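The values are calculated or read from the model by the stated rules, or taken from the named source; none is laboratory data. Because the structure is a prediction, the values reported are computed rather than measured. Heads up, the Cβs are rebuilt from the backbone with ideal geometry, glycines too, and the neighbour counts pull from every protein chain shown.
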There are 2 protein chains.
Amino acid sequence: MKEYIQANRDRFLDELFSLLRIPSVSSLGQHRPDMQRCAERLAELLREAGADSAEIFPTAGHPVVFAQKILGPQYGTVLVYGHYDVQPADPLELWHSDPFEPQIRDGAIYARGANDDKGQLFMHLKAFEYLVRTGSLRHNVKFIFEGEEEIGSPSLAAWAEQHKDMLKADIILVSDTTMISEQVPSINCGMRGLAYLEIKVTGPDKDLHSGHYGGAVANPINILCDMISSLIDKDGHITVKGFYDDVVELSAEDREKLARAPFDLGEYKKFLDIGDVKGEKGYTTLERTGIRPCLDVNGIWGGYTGEGAKTVIPSEAHAKISMRLVPDQDSGKIAGLFEKHIMSIAPDCVKVEVTRHHGGNGFLIPISSHAYQAASRAMEEVYGVEPVPSRGGGSIPILADLQKILGIDPLLMGFGLERDTIHSPDESYLLSQFFKGIEAIALFYRYY
Amino acid sequence: MKEYIQANRDRFLDELFSLLRIPSVSSLGQHRPDMQRCAERLAELLREAGADSAEIFPTAGHPVVFAQKILGPQYGTVLVYGHYDVQPADPLELWHSDPFEPQIRDGAIYARGANDDKGQLFMHLKAFEYLVRTGSLRHNVKFIFEGEEEIGSPSLAAWAEQHKDMLKADIILVSDTTMISEQVPSINCGMRGLAYLEIKVTGPDKDLHSGHYGGAVANPINILCDMISSLIDKDGHITVKGFYDDVVELSAEDREKLARAPFDLGEYKKFLDIGDVKGEKGYTTLERTGIRPCLDVNGIWGGYTGEGAKTVIPSEAHAKISMRLVPDQDSGKIAGLFEKHIMSIAPDCVKVEVTRHHGGNGFLIPISSHAYQAASRAMEEVYGVEPVPSRGGGSIPILADLQKILGIDPLLMGFGLERDTIHSPDESYLLSQFFKGIEAIALFYRYY
């Protein structure tokens, strides 16, 4: 298999780059034509890789690409999930090369989507191509690639419900996560859910001169800061009433198992260039991202943000706030509690509005399953060490929905690394991980 | 005089509009050529109005325009101060007409600078022109118009120190403030000082995926909100250590005098469209802006602020924060206390930097003075009622400096109104106030 990859290496990269060049940013309306273009290119690549058919299904949002190769009912069926949409590329000035013109530097591909998720989903196409062309495919394979993962997959659940029969499979195979390091491969056995909301605080109906009104009129930025600050107490607990009601507490034994994952706090702080970590009292760093919920302000803005100084009390202040959730917290319920809490702490001197962005539930994957064991064996063969089960802090909300709708478990074979800085400037993907990933995925089919 | 104004009305407006069309935004480097152009146009208008000479003095920053007409040493001398620079016009989308293409709507001029301060300083040119052309001038008149008031006048104090002799006068006459209402004229007898700083909080050295790191790594926006929230306590007191040390407490008698200024809280709230006011416990709204210091966030930004949602822990968060000061608070001392306080509350998990923008001290003007009395008589003649002495909340930091350098008091005859929304979109200036102001200023010379 290594020879096949080596012989086709340049073509693999050319094909991936053709996807990376399309700025398929799902959250920005202006990129709608790019979404369609990206879906079409993906369908083309699926057919070229060996799919019997590849279709583009329109949805209320961005299209879903579905492709399959059916050998017969006597074979097991793998459903590959991925997403071809990407996060916005800003702040653009912090990129060292054009986010939509992929560049190889120091053994890595630099581009928006290089890892998340174009780079990772593309490994599945190439592992599939290898199996087809070498006559070693022994499974039916189905692919769903959606264009709305980064905005919370608003259309896919309904689409999957509608096409339940077509999607019948034994496992959902996904590469959209990280592993601990190149030396310590890991398989994600749980992910957090997400609730994402936006707060708008309106004070006076116009911007005011801060000299004339300062001290007498509530400043919406100050009020917003007060409200945000009150959401987390000094022990790192979230103060939203009812927030922890459904949080599953892990047993001491389970916590001990997770603690076996290698983790070096010094290296972690050095990688991030931070003086100290910060989080919920009573939990380790890995627990804080793996098994505990959290709340972050993802964006804040209000008033004068240009060069120099402007003495203004702005009319409005805004913040985007998201919460990562753990089993059994329900995303919709948490969003409701958050709205209620914010309105309950909003003072009379301002008007406060809360709106919801996307959300989704977290989930757990059984380590004992046949699929997990096959993935473990495949990765061990490629990396030379047995992968560690880990709990990822991120969210792929749609997977919990697909699990429920289709009645099958997801399996997360992710090949990203922390250094890839997905969602950030200079997103990258190591070439070595890209090629090892193709190999490990092909081996998964052998052992599954 | 009314006839003179009526006969020349259109020319007055044409001339003013020629100033308003120049986007002399002092805080933005790109407008440097506009600053020079505006200074030149102003010098031209001063000569046309009757000045013996009008010169442009370069400074380290934007130029100072100085003009004078000297009748002889036997006459008293009035030094008119004003500024030709303006605040940035953004947010542009909230203007109903081009900020730099003045428009008359509903009896008011709409443009950036219509009031602050091009509209107000121009009244002085036209009152002066009237006195010169009708042979009724009985004072030496000097004009200083600077181009850096909106950025804290960094060059003018040194320039004034250098040209002390040239600037000798008996009074500094200024129109750069508001009066209570058209029905209730008022004269400002005190202004607040200003300290303006900027905070930058840096967490991780790159933007992070909030799923992978959320809960374990300090989010600079959350930290910034915590710090800002802690700056004002629940009673509206500023918590910066030593902040109130030099605040002059007014006597019960003085507070009672100030309370005589007509003020309708219901109207005030209605004008601003707010449900309630908010400020320091134990003080009225007028006291909160007139005799008490305050702290406001003038701008805040960090993370993703675009359309939709992005799950990011940003590397940085920023805020612009200003404090209005009262006698005898020293702007430099307060800026130092603020820096020290912020560094003392900055947690180890982030890096915090504080930088200073402009600042200046507040001042008081004696009501019993001859100049105040002359202004009062002039305004009473134009408005039909005796003006009320008031304490403005705004700051013209340079006036405290000029007072100290030249040894003469400022007199604030301001004709702006709250409705003019200076520093905001749709800044305007009522034509009636513009023409009444010219008349009142000309009468001031008669009674001074």
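Do we have any residue at all in the range B:55-67 that's of a type in the set (Asp, Glu) and outside any strand (DSSP E or B)? The answer is no, given that none of the residues of the range B:55-67 is of a type in the set (Asp, Glu) and outside any strand (DSSP E or B). Taking the criterion of being within 20 Å of A:PRO88 (Cβ to Cβ), in the same structural domain as A:ARG133 (by TED's automatic domain parsing), hydroxyl-bearing (Ser, Thr, Tyr) and touching a helix residue (DSSP H, G or I) at 6+ places or on another chain (Cβ under 7 Å), would at least one residue in the range A:2-21 satisfy it? No, there is no match, as no residue in the range A:2-21 is within 20 Å of A:PRO88 (Cβ to Cβ), in the same structural domain as A:ARG133 (by TED's automatic domain parsing), hydroxyl-bearing (Ser, Thr, Tyr) and touching a helix residue (DSSP H, G or I) at 6+ places or on another chain (Cβ under 7 Å). Within the range B:145-162, is even one residue within 20 Å of the chain's Cα centre (by Cα) and among the hydroxyl-bearing types (Ser, Thr, Tyr)? Yes, that holds for at least one residue. In summary, B:GLU380 fulfils each of the numbered conditions (1) on the phi > 0 side of the Ramachandran plot; (2) of a type outside the set (Ser, Thr, Tyr); (3) modelled with pLDDT of 95 or more with the single exception of condition (1). Exactly one residue out of B:VAL382, B:VAL350 is aliphatic (A, V, I, L, M), away from chain A (no Cβ under 14 Å) and more than 30 Å from B:ASP90 (Cα to Cα), and it is B:VAL382. Each residue in the range B:306-321 was checked for being over 19 Å from B:SER229 (Cα atoms) and more than 7 Å from chain A (Cβ to nearest Cβ), and 2 of them qualify. In the range A:264-277, of all residues being at negative phi, in a loop (DSSP other than H, G, I, E, B) and facing another protein chain (nearest Cβ under 7 Å), the one that is surrounded by the fewest Cβ atoms within 10 Å (Cβ to Cβ) corresponds to A:ASP276. Quick one: B:ILE228 ticks every box in (1) in contact with a strand residue (DSSP E or B) (Cβ under 9 Å, 6 or more places away or on another chain); (2) of a type outside the set (D, E, K, R); (3) closer than 28 Å to B:ALA114 by Cα bar one, so which box is it? In the conditions (1) in contact with a strand residue (DSSP E or B) (Cβ under 9 Å, 6 or more places away or on another chain); (2) of a type outside the set (D, E, K, R); (3) closer than 28 Å to B:ALA114 by Cα, B:ILE228 misses (3) alone. In a residue-by-residue description of the range B:238-254, the property of being under 30 Å from A:ILE291 (Cα atoms) and within 11 Å of chain A (Cβ to nearest Cβ) applies to no position.
Considered as a group, the residues in the range B:355-372 that are touching a helix residue (DSSP H, G or I) at 6+ places or on another chain (Cβ under 8 Å) and more than 14 Å from chain A (Cβ to nearest Cβ) include one that is modelled with the highest pLDDT, and that residue is B:ILE365.
One line per residue, one yes/no per condition, for (1) at pLDDT 95 or above; (2) among the acidic types (Asp, Glu); (3) touching a Leu at 6+ places or on another chain (Cβ under 9 Å); (4) under 25 Å from B:ARG391 (Cβ atoms):
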{"site": "A:ASP207", "(1), (2), (3), (4)": "no, yes, yes, yes"}
{"site": "A:TYR213", "(1), (2), (3), (4)": "no, no, yes, yes"}
{"site": "A:ALA218", "(1), (2), (3), (4)": "yes, no, no, yes"}
{"site": "A:ILE221", "(1), (2), (3), (4)": "yes, no, no, no"}
{"site": "A:CYS225", "(1), (2), (3), (4)": "yes, no, yes, no"}
{"site": "A:ILE232", "(1), (2), (3), (4)": "yes, no, yes, no"}
{"site": "A:THR239", "(1), (2), (3), (4)": "yes, no, yes, no"}
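Residues in the range B:131-162 that are of a type in the set (D, E, K, R) and closer than 14 Å to B:SER27 by Cα: B:GLU146, B:GLU148, B:GLU149, B:GLU150. For the structure I just gave you, tell me whether B:ASP235 is touching a Lys or Arg at 6+ places or on another chain (Cβ under 7 Å), surrounded by fewer than 13 Cβ atoms within 10 Å (Cβ to Cβ), assigned to a loop (DSSP other than H, G, I, E, B) and not small (Gly, Ala, Ser). Spelling it out, B:ASP235 is indeed touching a Lys or Arg at 6+ places or on another chain (Cβ under 7 Å), surrounded by fewer than 13 Cβ atoms within 10 Å (Cβ to Cβ), assigned to a loop (DSSP other than H, G, I, E, B) and not small (Gly, Ala, Ser).
In the range B:278-305, which residues are at the interface with chain A (Cβ under 7 Å from one of its Cβ atoms) and within 30 Å of B:GLY203 (Cα to Cα)?
B:CYS294, B:ASP296, B:VAL297, B:ASN298, B:GLY299, B:ILE300, B:TRP301, B:GLY302, B:GLY303, B:TYR304, B:THR305
Residues of the range A:278-312 that are among the β-branched types (Val, Ile, Thr) and either touching a Pro at 6+ places or on another chain (Cβ under 7 Å) or part of a loop (DSSP other than H, G, I, E, B) (or both): A:THR284, A:ILE291, A:THR305, A:THR311.
For the range A:119-157, the set of residues classified as touching a Ser or Thr at 6+ places or on another chain (Cβ under 9 Å) and charged (D, E, K, R) consists of A:LYS142, A:GLU146, A:GLU148, A:GLU149, A:GLU150, listed by residue number. Could you tell me whether the range A:347-368 includes any residue that is in a loop (DSSP other than H, G, I, E, B) and among the polar types (S, T, N, Q)? Yes, the range A:347-368 contains a residue that is in a loop (DSSP other than H, G, I, E, B) and among the polar types (S, T, N, Q). Can you tell me which residue within the range B:401-422, out of those that are farther than 19 Å from B:ASP116 by Cβ and not acidic (Asp, Glu), is farthest from the other protein chains (Cβ to nearest Cβ)? Checking each candidate, the answer is B:GLY407. Among the residues of the range A:322-333, not a single one is more than 14 Å from chain B (Cβ to nearest Cβ), touching a residue at least 12 places away in the same chain (Cβ under 8 Å) and more than 24 Å from the chain's Cα centre (by Cα).
Output yes when any residue across the range B:205-217 is outside any strand (DSSP E or B), more than 30 Å from A:SER181 (Cβ to Cβ) and of a type in the set (A, V, I, L, M, F, W, C), and no when none is. Checked against the condition, which is being outside any strand (DSSP E or B), more than 30 Å from A:SER181 (Cβ to Cβ) and of a type in the set (A, V, I, L, M, F, W, C), the range B:205-217 yields no hits at all.
When A:GLY437, A:GLY416, A:GLY392 are checked against the criterion of being touching a strand residue (DSSP E or B) at 6+ places or on another chain (Cβ under 6 Å), within 23 Å of A:LEU20 (Cβ to Cβ) and outside the structural domain of A:ASP328 (by TED's automatic domain parsing), a single residue qualifies: A:GLY416. Considered as a group, the residues in the range A:192-227 that are within 22 Å of B:ASN219 (Cβ to Cβ) and surrounded by fewer than 24 Cβ atoms within 10 Å (Cβ to Cβ) include one that is nearest to the other protein chains (Cβ to nearest Cβ), and that residue is A:ASP226.
Every residue, every condition in (1) touching a Gly at 6+ places or on another chain (Cβ under 8 Å); (2) more than 17 Å from B:ARG192 (Cβ to Cβ); (3) crowded, with 24+ Cβ neighbours inside 10 Å; (4) touching a residue at least 40 places away in the same chain (Cβ under 8 Å), yes or no:
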| residue | (1), (2), (3), (4) |
| --- | --- |
| B:PRO347 | no, yes, no, yes |
| B:VAL350 | yes, yes, yes, yes |
| B:GLU353 | no, yes, no, yes |
| B:LEU364 | yes, no, no, yes |
| B:ILE367 | no, yes, no, yes |
| B:HIS370 | no, yes, no, yes |
| B:GLU381 | no, yes, no, yes |
| B:GLY384 | no, yes, no, no |
| B:PRO397 | yes, no, yes, yes |
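Of all the listed residues (B:GLY407, B:GLY360), the sole one being surrounded by fewer than 21 Cβ atoms within 10 Å (Cβ to Cβ), out of contact with any Cys (no Cβ under 8 Å at 6 or more places or on another chain) and not charged (D, E, K, R) is B:GLY407.
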